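S.K.: Before I ask anything, let me first share the structure, which is written out below as structure tokens.
Please treat every number below as a calculation from the coordinates, not as lab data. This structure is a prediction, so every number in the text was calculated from the model and none was measured. With ideal geometry, Cβ positions are generated from the backbone for all residues, glycine too; neighbour counts draw on all protein chains shown.
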Amino acid sequence: MSTASVSTHILDTSIGRPAQDVPVSLSAREDAEAEWTELGSSATDADGRCKDLPAPPEGTTQVRLRFETGTYLSAHRDGDAFFPEVTVTFAVVPGEHYHVPLLLNPFGYSVYRGS
């Protein structure tokens with residue numbers, strides 16, 4: 001059975017547009033007690049998507065996406081970002097694809113498992 005795959009995108013809901021140039025890193029671990037291993041990083045494109053995140057290795061049961069939102073939010077708002085980063089951790093099983101969108105605004109965010 002193949003490993004899980006992960007993709008993501010960010011929508012800035014305050015302006016109804018994709019969030020471009022947000023750094024995103026992907027980490028994985030085999031179980032809740034294991035140390036995190038960073039697998040790679042990317043940045044969102046003009047469509048707010050990261051299309052080149054690596055596949056987690058065999059044996060991965062948990063994945064973590066870290067969105068470095070601070071620079072993006074500060075550049076589009078007056079002052080510092082309330083959320084300098086957003087970290088999302090989720091469980092995975094082999095053979096499944098996980099698309100995890102981030103809906104972001106200056107004072108809130110939500111995530112969900114998309115398709």
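S.K.: Given the rule -39500 (n - 2.57) for each run of at least 4 DSSP H residues, summed and divided by the residues of the chain, what is its mean residue ellipticity at 222 nm, to the nearest 500 deg cm²/dmol? Could the numbers behind the result be given before it?
M.R.: Numbers: 1 runs with 7 residues, N = 115.
Rounded to the nearest 500, the figure is -1500 deg cm²/dmol.
S.K.: Calculate log10 I(q)/I(0) of the chain for q = 0.22 Å⁻¹, where I(q) comes from the Debye formula with a single equal point scatterer on each Cα and nothing for solvent.
M.R.: The Cα Debye sum returns log10 ratios of -1.18.
S.K.: I need to check one value: relative contact order of the chain, counting alpha carbon pairs closer than 8 Å and at least 6 residues apart, in percent. Could you put the intermediate results ahead of the total?
M.R.: Values: 278 pairs, mean separation 37.6, N = 115.
Worked out over the chain, it gives 33 percent.
S.K.: Order the peptides 69-75, 38-44, 15-21 from the highest to the lowest mean number of other Cβ atoms within 10 Å of their residues.
M.R.: On the way: 69-75: 17.3, 38-44: 15.7, 15-21: 13.6.
Put in order of decreasing packing, that is 69-75, 38-44, 15-21.
S.K.: Right, here's the next one. In region 22-102, if the dipole is taken from +1 on Lys/Arg beta carbons and -1 on Asp/Glu beta carbons about the Cα centre, which of P57, T89, A75 is farthest to the positive end?
M.R.: A75
S.K.: Taking the Cα centre of region 5-111 as origin and charging only Cβ (+1 Lys, Arg; -1 Asp, Glu), how large is the dipole, in debye to the nearest 20?
M.R.: On the way: 7 positive and 16 negative charges, 67 e Å.
Computed about the Cα centre, the dipole is about 320 debye.
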